[in-house]
Amino acid sequence: MVWLIVTSGIALLILLAAFVRSSACIAHSWYVKAFCERKDCKDKLVVLSYDDGLNGEMTDRIAEVLKRHGAKASFFVIGSKLAGREEQLRRLIGEGHCIGNHSYSHDYRNEFRFSRKHISEIELCNEAVYRACGLRPRFYRPPIGVTTPHLGKAARLCEMDVIGWSVRSFDTVSRLSRERVVARIMRKIRPGGIILMHDRCPDADRLTEMLLCALEKKGYRTVTLEELSGLEAYGEKR
């Protein structure tokens, strides 16, 4: 009996560990297929993606850096942050950048709730983007990259393409110098890769400048997610 209890306990722990690992790593695509990189990419193309926007002045400063370098990026926006920043959103689109959905509230607790909550978060964010610019994003990146069966169902019902990343920059770790962040990215980047960054970080513009210089030195060119993936970035258009 003791042996049975111990064996059952070990099996339960293994299943729990597998669930946590598969939920935390979006690249595993256990519950929903996520586009994290283009593995067959022959050219030196990469995507710069920014989460948690829009962020006012810092987002504008990043846009200026991108413009100077002739670079394109993809911004995953939080719907609740768009009020009063509609013009900023339209500017990004007008300059050729891609806009994706990063939920309406970015509440981490929502990631472990039922499908209807995920659907609400996706639809509210898409509606906020649509009111601002007349486009409904089809790219969705779940907050902190957590995926569950409920999120997978919601993404399918909302006809969203889930987007992950191949290189996590760790730009939100304040103790890491921007030089170390860039060095880490450059060690891991490959043609067809997607780099995860955040435009809420205090020095995100400086990091963008440094990274673009490093990428250009290695012969890389930045493109939008739409160009790299071949998927449609938007559904309904006004």
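Side notes on the structure shown:
- Simple Cβ-charge dipole of the chain, Lys/Arg +1 and Asp/Glu -1, about Cα centre, in debye nearest 20: 580 debye
- Percent RCO, i.e. relative contact order, over segment 168-234, from Cα pairs under 8 Å lying at least 6 residues apart: 30 percent
- nm² value of the averaged projected area, convex hull over the Cα atoms of the chain: 14.7 nm²
- Highest mean first, the peptides 30-36, 177-183 sorted by other C-beta atoms within 10 Å per residue fall in the order 30-36, 177-183.
- The percentage of C-alpha pairs in segment 157-238 whose separation is greater than 19 Å is 45%.
- Ranked by how many other beta carbons lie within 10 Å on average, peptides 70-77, 200-207 from highest: 70-77, 200-207
- Across the accessible surface of segment 57-214, with the other protein chains kept in place and a 1.4 Å probe, carbon and sulfur atoms take up 50 percent.
- Options Phe75, Ser177, Ala204, ranked by Cα towards positive dipole end of the chain, top entry (Cβ charges): Ser177
- Relative contact order of segment 45-189, defined on C-alpha pairs under 8 angstrom at six or more residues apart (%): 19 percent
- Extending 7 Å from Cα along the Cβ direction at Arg184 and again at Asp40 yields two label points whose distance is 3.2 nm.
- Scanning residues 5 or more positions from Asp161 or on other chains, those with amide H under 5 Å from its amide H are Phe139, Tyr140, with H placed 1.01 Å from N in the peptide plane.
The values are calculated or read from the model by the stated rules, or taken from the named source; none is laboratory data. Quick caveat, the model's predicted, so the values are computed rather than measured. Cβ atoms come from the backbone with ideal geometry, glycine included; neighbour counts cover every protein chain shown. These accessible areas exclude ligands, DNA and RNA; they are computed on the full protein's heavy atoms, side chains included. Shrake-Rupley method; radii C 1.70, N 1.55, O 1.52, S 1.80 Å.
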